[in-house]
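Q: This is the structure I have questions about; it appears just below.
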Amino acid sequence: MCGIVGYVGKRRAAPLLYAGLKKLEYRGYDSAGIATLSSDMVWVKKVTGHVAGLRGAASLEGTCGIGHTRWATHGAPTEANAHPHVYGRFAIVHNGIIENFRSLRRMCEARGEEFSSETDSEVVAHLLERLYRGDLLDALRRTCSVLKGSYALAVICRDAPGAIALAREKSPLVIGRGKLGHFLASDIPALAPACGEICPLSDGEFALLTGEGVRLFTGEREIAPRWVPLARGEKETGKEGHAHYMEKEIAEIPAVLQRSRGGLGEGEAFSRVREAVIRADRIHIVACGTAYHAGLAAKYAIERLTRIPAEVTVASEYRYLDPILTDKTVLLAVSQSGETADTIAAARHAKERGARVVAIVNEIRSTLAALADERLPIGAGTEIAVAATKSYVAQLAVLYSLAASVAEAQGRRGYGDALAELPDLARETVRAGKAVAGWAAHFAAARSAYFIGRGADSVTALEGSLKLKEISYLPSEGYPAGELKHGTLALIEENTPVVAVLTSEELAEKTMNAVHEARARGAKVFLVTSLPAYADERGLTGSAVIPRCADVYSPALAVIPLQQLAYFVSLARGCDPDRPRNLAKSVTVE
Ligand code: F6R
């Protein structure tokens, strides 16, 4: 979604802002812009499309400036709607949504002010100009006092050269300091490698950045900035020889599993969560998209291994179910970014009603992590490609560890050992999965595709389908294999690709029935299986044999060839697998 950068120091700001925006490209956006301050003037350049369009703006003068990548919510992706928005002496960039912008805009228009965009954000610049009494930060405080909704705001003012004012409410914003001066960004990766230390802002905080220092405030009260070093892993964002981040991140899965094996089950937070789960009357899991699929896969493991009831709900629907919550309910909120607005809202709802909220996150400094009672980091490292791959498997690793650890405490042994084998098996799977490259041509020419499986394999089918549609734009559905004949079979025609996932001996014959039903209607069927006996079945167009692991953990491996398939189909269809159209890496609006 939208991204913010800013810089104030001794260097020319524009090239640093441009470099910061390039780092934010992975978030997904459709227009971009920068504004700098020089000679008491605000200089602005905005473009639709790629940040590269701003390369020429790197010559803008000034050692203080702000920049933005916009993911359109209010108003089309046009130059006029792109940020920064300028009004009077102010230029602003904004992430989030100003919910009461219509009434505020009407009020400004009634005073004769003209707006140049359709955005909710522009009203902030108008309010700043109206409420300005000679002090930049004071104007920002007054403005924020009338805003409803969520915002990360960075503001520059013609009358305050060399200063940037910031405000945060439910949308992330981080300050960084380095040798060149002070930086700000909505995402930590944009601050690397220029900054050695960072200070994330909390809700309700304001800051004033100058070349000399940073002043931080909770409301009006000044507090000391909380500097923490920028960890090494947060700085590593290169492709390291891979053609795309997605390819690199899939290749990292074994190492991610290896790393998490060392850390899981040992920390104090993990022990506290395990005890809470042992005492729990039920587990609720909330998440969106791929993280939701991790929750679905975890339900199989938690219920089978621990016999504690687990319900999984798409986070955006959770509140409307009026969920039954007690002080013994444990809510697991699963999110790579920790900034997904729907997941945060669901977690807040559960917390307010007495549940114990556990954030299972990759970004440990995220809003969700701060809100939760407990945090379990998944340790996937920075994930740049919009499509979640390594973070999905890392989420599964944490959830499975929790289930195994509770099971062991309940006296059911052996599940931890099976988990310890996953890193090596994942290494083999990444190798074996490359066979699916040869399948891509069949998908590239198709009108739609289907993914089927039974039991935990049905979750892998859902995730494989999501990955494919996300980065190749091929309409696709994932189904429990048994459901195919209850409707979707009507869509199967000559050469329709169907991927069947088969990792459970117990369910194999039933899944193969669905394979034959699809074959009989002309489908090209591809099998991803850990049971070699089925790989040579007559009539299959392709098969990939992956290593065997405990059935209950199989989604962590079986998903890998499906991620690889989506990647190859994306390339075959001429798409950019790292930056799918219309999508954003973290979805910070409800
Ligand atoms: C799919 C994908 C999305 C995210 C979803 C939740 O590849 O990336 O479906 O999984 O937007 O994001 P997080 O995990 O950041 O809450």
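The values are calculated or read from the model by the stated rules, or taken from the named source; none is laboratory data. What you see is a predicted model, and the numbers here were worked out from it, not measured in a lab. No Cβ is skipped: glycine too gets one built from the backbone with ideal geometry, and neighbour counts run over all protein chains shown. SASA here: full protein model, heavy atoms, side chains in, ligands and nucleic acids out. Shrake-Rupley method; radii C 1.70, N 1.55, O 1.52, S 1.80 Å.
Q: Step by step: first the residues of region 304-345, then only those that are closer than 30 Å to MET1 by Cα and of a type in the set (Ser, Thr, Tyr), then the one that is farthest from the ligand (Cβ to nearest atom). Which residue is that?
A: It comes out as TYR320.
Q: Wholly within region 425-541, which helices (runs of 4 or more DSSP H) include no fewer than the required count, namely at least 3 residues that are closer than 26 Å to SER570 by Cβ and either open to solvent by 10 Å² or more (accessible area, probe 1.4 Å) or hydroxyl-bearing (Ser, Thr, Tyr) (or both)?
A: Those helices (runs of 4 or more DSSP H) span 440-444, 456-472.
Q: Next question, about the same structure. Quickly run through region 459-488 and pick out the residues that are farther than 19 Å from VAL312 by Cα and of a type in the set (A, V, I, L, M, F, W, C).
A: Passing the criteria: LEU468, ILE471, LEU474, ALA481, LEU484.
Q: In addition: Those residues that are open to solvent by 10 Å² or more (accessible area, probe 1.4 Å) and either of a type in the set (S, T, N, Q) or on the phi > 0 side of the Ramachandran plot (or both), I need them from region 63-95; list them, please.
A: THR63, THR73, GLY75, THR78, GLY88
Q: For region 446-460, give me the residue count where each residue is closer than 17 Å to GLY487 by Cα and either touching a Gly at 6+ places or on another chain (Cβ under 7 Å) or within 13 Å of the ligand (Cβ to nearest atom) (or both).
A: Going through region 446-460 one residue at a time, the tally reaches 2.
Q: So, in region 120-144, exactly how many residues are part of a loop (DSSP other than H, G, I, E, B) and open to solvent by less than 10 Å² (accessible area, probe 1.4 Å)?
A: Selection size over region 120-144: 2.
Q: On to the next question. For region 573-590, which positions are within 12 Å of the ligand (Cβ to nearest atom) and small (Gly, Ala, Ser)?
A: ALA584, SER586 - these are the residues of region 573-590 that are within 12 Å of the ligand (Cβ to nearest atom) and small (Gly, Ala, Ser).
Q: Scan region 16-28 for residues that are on the phi > 0 side of the Ramachandran plot and open to solvent by 20 Å² or more (accessible area, probe 1.4 Å) and jot them down.
A: Listed by number, the list is empty, since nothing qualifies.
Q: Which count do you get for residues in region 96-119 that are part of a helix (DSSP H, G or I), under 31 Å from the mean Cα position of the chain (by Cα) and of a type outside the set (Lys, Arg)?
A: Final tally of qualifying residues: 1.
Q: For ALA301, indicate whether it is more than 16 Å from the ligand (Cβ to nearest atom), more than 22 Å from ALA355 (Cβ to Cβ) and in contact (Cβ under 8 Å) with a residue 60 or more places away in the chain.
A: Answer is no for this residue.
Q: Given the condition buried (at least 16 other Cβ atoms within 10 Å of the Cβ), out of contact with any helix residue (DSSP H, G or I) (no Cβ under 6 Å at 6 or more places or on another chain) and at pLDDT below 90, answer yes or no: does some residue in region 32-55 qualify?
A: Yes, that holds for at least one residue.
Q: Restricted to region 388-420, and to residues that are in contact with a helix residue (DSSP H, G or I) (Cβ under 7 Å, 6 or more places away or on another chain) and among the polar types (S, T, N, Q), which residue is farthest from the ligand (Cβ to nearest atom)?
A: GLN410
Q: Ok, one more. PHE217: buried (at least 19 other Cβ atoms within 10 Å of the Cβ), farther than 30 Å from ALA426 by Cα, among the aromatic types (Phe, Trp, Tyr) and at pLDDT 90 or above, yes or no?
A: Against the criterion (buried (at least 19 other Cβ atoms within 10 Å of the Cβ), farther than 30 Å from ALA426 by Cα, among the aromatic types (Phe, Trp, Tyr) and at pLDDT 90 or above), PHE217 does not qualify.
Q: Can you name the residue in region 363-387 that is crowded, with 21+ Cβ neighbours inside 10 Å, without any contact (Cβ under 8 Å) to a residue 60 or more places away in the chain and under 15 Å from THR588 (Cβ atoms) and is also nearest to the ligand (Cβ to nearest atom) among such residues?
A: Going through the qualifying residues, I end up with LEU368.
Q: Part of a strand (DSSP E or B) and hydroxyl-bearing (Ser, Thr, Tyr): which single residue out of THR69, THR73 fits that description?
A: The unique qualifying residue is THR69.
Q: Here's another thing I want to ask about it. Starting from residues that are open to solvent by 10 Å² or more (accessible area, probe 1.4 Å) and among the hydrophobic types (A, V, I, L, M, F, W, C), keep the ones in region 277-290 and report whichever is farthest from the ligand (Cβ to nearest atom).
A: Result: ILE278.
Q: Failed condition for ARG319, given (1) over 28 Å from LEU557 (Cα atoms); (2) touching a helix residue (DSSP H, G or I) at 6+ places or on another chain (Cβ under 6 Å); (3) free of Cβ contacts under 8 Å to residues at least 40 places away in the same chain; (4) open to solvent by less than 40 Å² (accessible area, probe 1.4 Å), with all others met?
A: Failed condition: (4).
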